[in-house]
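The values are calculated or read from the model by the stated rules, or taken from the named source; none is laboratory data. All figures in this text were calculated on a predicted structure; none of them were measured in a lab. Ideal geometry is used to build each Cβ from the backbone, glycine not excepted, and the neighbour counts take in all protein chains shown. Heads up: the accessible areas ignore ligands, DNA and RNA and are worked out on the full protein's heavy atoms, side chains in. Shrake-Rupley method; radii C 1.70, N 1.55, O 1.52, S 1.80 Å.
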Amino acid sequence: MRLIFIRHGEPDYTTDTLDEKGVREAKALAERTKHWDVDRIYCSPLGRARQTAEPMLQALQKDAVILPWLQEFHFPIEDPLTCEVHGPWDLMPQYFTKEPLMLDQKRWIDAPLYKDHADLRKRWEQIRAGMDGILEEYGYTRCGGYYQFEEPDGSPLPSEVSDLQLHGTKDYEVRDADDTKSLVFFCHFGVTCVILGYLLNISPVLLWQGTCIPTTGVTILNAEKRLHNASYFRMQTLGDCTHLHAAGEPLSGFAAFSQLFQQ
């Protein structure tokens, strides 16, 4: 199975909609995805995410499941260095790199900047429960830092030693229907990093600060089952914008505090 996370198009945050460029980005995304074989589509309840999803939903003639916990992970905090009030990301490196808890995959939520925000912790718990609930529907059960897999229909799992893949040196052979299923999530940069951090066992602070997902960027995680009943998610791509290049649409500056490479 693969999980596909798509960031909303370039926004007008004052109205929670897409601006003119964002509308063009969403149309380019729909052109890219119009032939995708998608099992289910989930979407944030926020307007900019729903507007981004709409052209794709129309092209595929599908509806999206609206999940409140997919909305942006935005809880105002006061930046310790700048005293500016903003979301829990966009911190200065002089600060977050010196806070050990922020770099811890499990205890980042206990970092001094976050620990007293009850709503932030509550949403973090909702995100974990929400993702695990969806994955359980498809046969994946969280087991520490990875997922155990069993066919949802109860059919037996392959047991031959040949089903063990030792090295990534050959094309993967599809072994069950689950291997070809794709789930799509329309959401936001901040919450995507929180989800990726949970699935990959990485502090989301490192992802917030060290990755760039341009608007309508496509992030793909594939569930690897080298042993058929044990799965770990491997990232195939982060913030891919092939559709924007194909449409001649430049990458949006709503992505990083640096000039983006446009070629």
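Points worth noting:
- The order of Lys98, Lys181, Lys27 by accessible area, most exposed first and with a 1.4 Å probe, is Lys98, Lys27, Lys181.
- For segment 66-148, applying the loop criterion from DSSP together with a ceiling of 12 other beta carbons within 10 Å to the GluC sites (Glu not before Pro) yields Glu84.
- Per-residue ³J(HN,Hα) for segment 104-115, Karplus 6.51 cos²θ - 1.76 cosθ + 1.60, θ = phi - 60°, Hz, x for Gly and Pro: 8, 4, 9, 9, 4, 5, 9, 4, x, 6, 10, 4
- A cut-off of 5 Å between modelled amide H atoms, ignoring neighbours fewer than 5 places along the same chain, links Asp12 with Thr17, Leu18, Asp19.
- For segment 5-43 versus segment 69-111, the gap between their alpha-carbon centres in whole angstrom: 27 Å
- Estimated FRET transfer efficiency when R0 is 35 angstrom, pair Ile66-Tyr95 (beta carbons, to 0.05): 0.50
- Computed accessible area, Asp132, all protein chains, 1.4 angstrom probe, square angstrom: 20 Å²
- Near-label residues of segment 88-128 by backbone N, under 20 Å of a point 7 Å along Cα→Cβ of Leu81: 88-104, 108-109, 111-115
- Under a 5 Å amide H cut-off, with hydrogens placed 1.01 Å from N, Cys43 pairs with Val65, Ile66, Leu67, Phe186 among residues at least 5 apart or on other chains.
- The tail of the calculated P(r) for the chain beyond 28 Å holds 38 percent of all Cα-Cα pairs.
- The chain, accessible area per residue, ligands and nucleic acids excluded (1.4 Å, Å²): 51 Å²
- Gained length - Cys143 relative to Glu173, 0.36 nm times residue gap less alpha-carbon distance: 8.3 nm
- Taking the protein heavy atoms of segment 1-156 in the context of the full set of protein chains, the accessible area attributed to carbon and sulfur is 48 percent at 1.4 Å.
- Per-residue ellipticity at 222 nm computed for the chain from its helices equals -8500 deg cm²/dmol, with DSSP H segments shorter than 4 residues left out and the rest contributing -39,500 (n - 2.57).
- Sparse-neighbourhood loop sites, chymotrypsin sites (Phe, Trp or Tyr not before Pro) in segment 47-89 - DSSP loop, at most 16 other Cβ within 10 angstrom: none
- Segment 192-263 - percent of accessible surface contributed by carbon and sulfur, probe 1.4 Å: 56 percent
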